[in-house]
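Worksheet: one structure, shown below.
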Amino acid sequence: MQSETLIALADRAEVHAYHRGEMITEAGDTCRELLLLIEGDANIHYQTGSEVQIEQLHPGQTLDELEVLAHSNSENTIVADGENTRILAISVDAFDDLLDHDPDFARRVLELESRQLQRFMGSMTIFPQNYAPRAAYLRGG
């Protein structure tokens, strides 16, 4: 990554502070910033069928990065879970500009997201193709 990119990130970033229970993002919001948790903790609330799952986030983790890259809406609600939770925020436009001007930075972002997607896919249960007939058999159908 070029040192100019790091300087540009620092120049364009803002720090936002939250108290425990404050909403950082809400499901359905347009993602306008790439968020990096730098202090405290946060909980991400996401819908899985009829249940709401909660996952804890810790300093160093990014929030809603896929939505930022895709210029889409947040699918999750993120709530501060530390008394002094601080987020480093970089606007979507600034982030896109950096991706356009530094191919090495763009490659590193792509590698990071690829690893996260691989971890996600590895954590999912994959059913065999003949799963449905077995389920019908177990139900007596």
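When restricted to Cα atoms, the stretch 3-126 yields an Rg and a Dmax of 14.9, 46 Å, respectively.
Of the residues Tyr18, Gln118, Leu99, the one whose Cα sits farthest towards the positive end of the charge dipole of the stretch 3-126 is Gln118 (charges of +1 on Lys and Arg Cβ, -1 on Asp and Glu Cβ, taken about the Cα centre). As a rough footprinting exposure proxy, the listed residues Asp97, Asp102 were ranked by other beta carbons within 10 Å of their own, and the order from fewest upward is Asp97, Asp102. A cut-off of 5 Å between modelled amide H atoms, ignoring neighbours fewer than 5 places along the same chain, links Gly40 with Arg86. Between Arg115 and His19, full extension at 0.36 nm per residue minus the direct alpha carbon distance yields a gain of 31.5 nm. Note on Asp96 and Asn84: the extension gain reaches 1.4 nm, defined as 0.36 nm multiplied by sequence separation minus the Cα-Cα distance.
Counting every other Cβ atom within 10 Å of each residue's Cβ, Val52, Val109 order from fewest to most as Val52, Val109.
Every read-out reported here was derived from the displayed coordinates using simple, explicitly stated rules and does not represent laboratory data. Worth saying up front: this structure is predicted, and the values here are computed from it rather than measured. Methodologically, a virtual Cβ is constructed for each residue, glycine included, from the backbone with ideal geometry; neighbour enumeration extends over all protein chains shown.
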